[in-house]
Amino acid sequence: MTLIEAKGKLIKRSRVLALATVAGLLLVLLVSSEMSNAQVTKGKERPLTTKQWMQAVHKVHCGAIKEGLEAGPSDDDAWAKIALHAAMMNESSYVLMADGRCPDGDWAGACKQLGEGSAGVLSAVENKDAEAGLAAFGAMTKSCGACHSVHKK
Ligand code: HEC
């Protein structure tokens, strides 16, 4: 084997090695993105998707709290309705953490914000304090952006 032949073999070998490394990296990326995707769009066992939960629960109850508080609740019924919607949002802070749905600390932190903000709305309802309710609602809705900015495509 001449020196040039030997050099050529070496170059071929390092090309194969480089290609194998790139293919391996791509595989790892693919698998990990599939895994994190699965956690965000759905839990592990139950059929409910995160999107369905957002549409059925967050969209509906979040909007209703805002409307109710901004209108200025005029009687016990109106306050009770706001409490119902806030309790649903509070429950959501647990549902979003259940069934292996939580992929990371951003998600968990947003759920904590959601739970605390909605609990604040509930205490404001107990005191029939619409202004405090709106402040707590503002804190609660910080959770939406906190989670969406990381996990919503
Ligand atoms: C812990 C994470 C998390 C929190 C907190 C959160 N969301 Fe979401 N939300 C998501 C994810 C993930 C999606 C995207 C789901 C998908 O498309 O698969 C989403 C999507 C949505 C959608 C779009 C649904 C559709 O039709 O595509 C709405 C509306 C929504 N969220 C409302 C809210 C509101 C309002 C709040 C705050 C009160 C909130 N979300 C808080 C994770 C969260």
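The values are calculated or read from the model by the stated rules, or taken from the named source; none is laboratory data. Computed from a prediction, not measured in an experiment: that's the story for all the values here. Because the Cβ atoms are built from the backbone with ideal geometry, glycine has one as well, and the counts that use them run over all protein chains shown. In case anyone asks, the SASA skips ligands and DNA or RNA and just uses the protein heavy atoms, side chains included. Shrake-Rupley method; radii C 1.70, N 1.55, O 1.52, S 1.80 Å.
What whole-number value in Å² describes the accessible area per residue of the stretch 42-151 for a 1.4 Å probe? The partial results should precede the final answer.
Values: 5940 Å² over 110 residues.
On a per-residue basis, 54 Å².
According to the square roots a ≥ b ≥ c of the eigenvalues of the Cα gyration tensor, what is the shape class of the stretch 42-151, taking rounded for a/c under 1.5, prolate for a/b larger than b/c otherwise, and oblate for the remainder?
On the way: a/c = 2.42, a/b = 1.90, b/c = 1.28.
Prolate is the answer for the stretch 42-151, as a/c is 1.5 or above and a/b outweighs b/c.
Put Leu84, Leu69 in order of accessible area, largest first, 1.4 Å probe: what do you get? If you can, show how the numbers build up before the last one.
Values: Leu84 95, Leu69 5 Å².
Heavy-atom accessible area, descending, gives Leu84, Leu69.
Which of the aspartates and glutamates could be linked to Lys112 by a straight reach, that is with a Cα gap under 20 Å, when you skip same-chain ones fewer than 8 residues away?
Glu91, Asp99, Asp104
Which residue, Leu69, Val95, Trp79, has the largest displacement toward the positive end of the dipole of the stretch 58-99 when charges sit on each Cβ (Lys, Arg +1; Asp, Glu -1)?
It is Val95.
Report ³J(HN,Hα) in whole Hz for each residue of the stretch 51-67, in order, from the Karplus equation J = 6.51 cos²θ - 1.76 cosθ + 1.60 where θ = phi - 60°; Gly and Pro get x.
Those phi angles translate into 4, 4, 5, 4, 5, 7, 10, 5, 4, 5, 6, 5, x, 5, 5, 4, 4 Hz.
What ranking of Asp77, Asp106, Asp99 comes out by heavy-atom accessible area, probe 1.4 Å, highest first? Mind dumping the intermediate values first?
Details: Asp77 110, Asp106 80, Asp99 30 Å².
If we order Asp77, Asp106, Asp99 from most to least accessible, we get Asp77, Asp106, Asp99.
At what distance in nm do the modelled label points of Ser149 and Asp106 sit from each other, each positioned 7 Å from its Cα along Cα→Cβ?
So the two model labels end up 0.9 nm from each other.
Kindly state, to the nearest 0.05, the FRET efficiency for Asn127 paired with Lys81, given R0 = 22 Å and r defined as their beta-carbon distance.
Values: r = 16 Å, r/R0 = 0.74.
Once the sixth-power term is evaluated, E becomes 0.85.
Of Lys66/Lys152; Lys128/Lys153; Lys12/Lys153, which ones are farther than 32 Å apart at the Cα? Provide the component values of the computation, followed by the final result.
On the way: Lys66/Lys152 23 Å; Lys128/Lys153 38 Å; Lys12/Lys153 41 Å.
Correct reply: Lys128/Lys153; Lys12/Lys153.
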